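Visitor: Can you read through this structure? Questions will come right after.
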Amino acid sequence: MAIHYHDYLELEKILDAQHPESSKQNYSAHDEMLFIIIHQAYELWFKQLHHEADSIVEIMKKPALNDNSPELQTVVHRLNRMVVILRVLVHQIDILETMTPMDFLDFRDMLRPASGFQSWQFKLLEAKLGLKFDYRHGKEYYTAQLRQQHVDLIKKAESDQSFLQLVNDWLERMPFFDEADLWQTFLHSENLHPFWVEYKSRYTNSLAEAEKNNMHAFEEVLFHHKETHYTLSAKANRAALFIMLYRGYPLLQLPFQVLNNLLEIDEQLSTWRHRHMNMVHRMIGTRIGTGGSTGKDYLKAAADKHYIFKEIAQLTSFLIERRKLPQLPKAVERKLGFFVED
């Protein structure tokens, strides 16, 4: 039997899923319909983000992932899709802000204690991507208003290997620094790989006097940090920085796009949180949220703290101008791209 558009999308269920509380009380709050549809759309997009995140986690779990393979291309493609979806979530606030504070007050008190704070899908997505429990704002009560089955899902995601941890393992597998014969033209040191001996010297010379303190962070992040305090290991950080520095080589193009998409995801999540915070301040001022939180103050604290890929973002502090980069040995260039013999 031929399938019908209406039945395929199960529109009977979707279009009959909006039941304003004001209508149940024989009171017409016109903008409550908009409020419901916007938040239902958010939850549908969260579901799609989970669908994409779960698929890339399965790919990244593989012990040997070819950086020039269709699989890594798929990871990049789906990460990019997640970025575009997050942009849509930000722009949905434009629609919601067509509702005035007085329009919202028409039905706000009818919602208590329901609140966006109870969006378990959003918290679960953060956990899957790699937001650690210890880095959450208000971690002592962030699941307090959720149903137990949703708390269990979030706690399981926090104990499972996150996408960020899989990225760490993938970066640690970068092979170039383990092949000593590739770097014979560089000065060798007992403590550092010859490339990093040269790069450290050039980075030091690139710093202005007011930036000299950057050397402490450079050493800590790339060589000597205690790994329990970081999500990414020093080895993974070195690989990520190398990818950023030499992304022009064909083999590093896809890895760079992975890293760049992670930074874009963080940026869009941050933009969404700040837009949400400003909207809440505009709508209710300093009043508490319907779920009992401190409203704008809670949202601001979470926005300032909940950066999932901040360690990758920090690596941009250690870049130098392209024209000052060390020239890679010919043997390394052969590994990284299409090389024609002289």
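Visitor: If I filter segment 32-39 for residues that are under 30 Å from N278 (Cβ atoms) and within 24 Å of the chain's Cα centre (by Cα), do I get at least one hit? Walk me through it before giving the result.
Guide: So in segment 32-39, the residues under 30 Å from N278 (Cβ atoms) come out as 32-39.
Within this subset, residues satisfying the condition of being within 24 Å of the chain's Cα centre (by Cα) are 38-39.
Within segment 32-39, one or more residues are under 30 Å from N278 (Cβ atoms) and within 24 Å of the chain's Cα centre (by Cα).
Visitor: Report whether or not Q40 is assigned to a loop (DSSP other than H, G, I, E, B) and either at pLDDT 95 or above or surrounded by 15 or more Cβ atoms within 10 Å (Cβ to Cβ) (or both).
Guide: Criteria not met by Q40.
Visitor: May I ask you to list pairs of residues, at least six apart or on different chains, whose Cβ atoms are under 9 Å apart, with the first in segment 56-76 being surrounded by 15 or more Cβ atoms within 10 Å (Cβ to Cβ) and the second being part of a helix (DSSP H, G or I) and of a type in the set (S, T, Y)?
Guide: Pairs found: I56/T74; I59/T74; V75/S55.
Visitor: Separate question: Filter segment 222-252 down to the residues that are polar (S, T, N, Q), assigned to a helix (DSSP H, G or I) and surrounded by 18 or more Cβ atoms within 10 Å (Cβ to Cβ) and list them by number.
Guide: Of everything in segment 222-252, just one residue is polar (S, T, N, Q), assigned to a helix (DSSP H, G or I) and surrounded by 18 or more Cβ atoms within 10 Å (Cβ to Cβ), namely N237.
Visitor: Here's something else I'd like to know. Mind listing whichever residues of segment 8-31 are assigned to a helix (DSSP H, G or I), at pLDDT 95 or above and surrounded by 11 or more Cβ atoms within 10 Å (Cβ to Cβ)?
Guide: L11, I14
Visitor: Could you give me the residue pairs with C-beta distances under 6 Å whose first residue belongs to segment 303-332 and is within 18 Å of K235 (Cβ to Cβ), whose second residue is in a loop (DSSP other than H, G, I, E, B) and not small (G, A, S) wherever it lies, and which are 6+ apart or on separate chains?
Guide: E311/T231; E311/L232
Visitor: Okay, moving on. Being assigned to a helix (DSSP H, G or I), at pLDDT 95 or above and of a type in the set (D, E), is that true of even one residue in segment 282-298?
Guide: no
Visitor: Okay, next question. What tally of residues in segment 128-151 results from selecting those that are in a loop (DSSP other than H, G, I, E, B) and free of Cβ contacts under 8 Å to residues at least 60 places away in the same chain?
Guide: The qualifying residues number 8.
Visitor: If you don't mind, another one. Looking only at segment 328-337, decide whether some residue is surrounded by 15 or more Cβ atoms within 10 Å (Cβ to Cβ), modelled with pLDDT under 95 and not in a helix (DSSP H, G or I).
Guide: yes
The values are calculated or read from the model by the stated rules, or taken from the named source; none is laboratory data. None of the values given here were measured: they were computed from a predicted structure. Cβ atoms come from the backbone with ideal geometry, glycine included; neighbour counts cover every protein chain shown.
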